[in-house]
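What follows draws every value from the coordinates through simple rules; no lab data is involved. Since this is a predicted model, take the numbers as computed values, not measurements. So basically every Cβ, Gly included, is an ideal-geometry build from the backbone, and we count neighbours across all protein chains shown.
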Amino acid sequence: MLERKVAPSLMSQEFRHIVRIAGRDLDGTKKLIPAIAEIKGVGGSYANAMVSVLKLDTRARLGQLSDKQLQQVEVALKDPSSLNLPAWLLNRRKDVDSGSNIHRIGSDLDFMIKNDLDREKNVLSWRGVRHSLGLKVRGQRTRTTGRKGRTVGVKKSSLQAAQAAKTAAEKSEKK
């Protein structure tokens, strides 16, 4: 595995190699935006907007942040409405249940996606039926791709005839 080289000056101050944010252990040697973007539900754009609103140094490493700054990041991830970010940055706009714009991360995001799929299946919408059958949902072609371990290809008619003759011979031997 590749070792990440960190400047010795980073090690002199109080530096954390592993930082726990939103229930996830993050690499403290990474820069702030890519490190925060490793959290499920937080992308690069959202992390960049959050860091700029919090007025944190984007060039700093995650392990260099103070406890107060880490607490600010944690609060911002839990309550993104306090940041006054534009709605198009959030991952659940016009939520089905509440009708408001919210942002989910981690296991909450997984739970919401599972609930959405279950609702689609119960309503018997086209997407729900495709999900329940394990087929492509978004209009992709299915003639040659997405077979997921099913038998691929077509048997030749000569092979089919030989197989039929073999099974007929086995049946006659059993009698």
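Note that the chain carries a Kirkwood radius of 21.0 Å, evaluated over its alpha carbons pair by pair. Only helices enter this figure: runs of n ≥ 4 DSSP H residues, each worth -39500 (n - 2.57), summed and divided by the residues of the chain, yield -13000 deg cm²/dmol at 222 nm to the nearest 500. Derived scalar couplings between HN and Hα for segment 97-109 equal 6, 9, x, 9, 8, 10, 10, 10, 9, x, 5, 5, 5 Hz in order, rounded to whole Hz, by the Karplus curve 6.51 cos²θ - 1.76 cosθ + 1.60 (θ = phi - 60°), x for Gly and Pro. Per-residue 3J(HN,Hα) values for segment 32-44, derived from phi via the Karplus relation 6.51 cos²θ - 1.76 cosθ + 1.60 with θ = phi - 60°, read 4, 5, x, 5, 5, 5, 6, 6, 5, x, 10, x, x Hz in sequence order (x marks Gly and Pro). Classify segment 13-77: rounded, prolate or oblate, from the alpha-carbon gyration tensor (a ≥ b ≥ c, eigenvalue square roots; a/c under 1.5 rounded; otherwise prolate if a/b is larger than b/c)? Verdict is rounded for segment 13-77. Which pairs in the list Lys94/Lys148; Lys55/Lys114; Lys40/Lys136 are over 31 Å apart, alpha-carbon to alpha-carbon? Correct reply: Lys94/Lys148; Lys55/Lys114. Note on the chain: with a GNM built from Cα contacts shorter than 10 Å, the maximum mean-square fluctuation among Ser52, Ser132, Ser158 falls on Ser158. For the chain, the longest principal axis of the C-alpha atoms and the axis of helix 67-78 are separated by about 40°. Once the C-beta distance of Lys55 and Asp110 is scaled by a Förster radius of 35 Å, the resulting FRET efficiency is 0.65 to the nearest 0.05. Legend: calculated FRET efficiency, Glu74 to Asp118, from the Cβ-Cβ distance at R0 = 45 Å, rounded to 0.05, equals 0.90. Amide H contacts under 5 Å for Ile21: Leu26, restricted to partners 5 or more places along the chain or on a different chain, H placed in the peptide plane at 1.01 Å from N.
For the options Thr58, Thr142, Thr29, a Gaussian network treatment of the chain with springs between C-alpha atoms closer than 10 Å singles out Thr142 as fluctuating the most. Inter-label distance, Lys171 to Lys136: 3.8 nm, where each label sits 7 Å from its Cα along the C-beta direction. Using the Cβ-Cβ distance between Val96 and Ser66 with R0 set to 45 Å, the FRET efficiency works out to roughly 0.70. The relative contact order of the chain, computed from alpha carbon pairs under 8 Å that lie at least 6 residues apart in sequence, is 14 percent.
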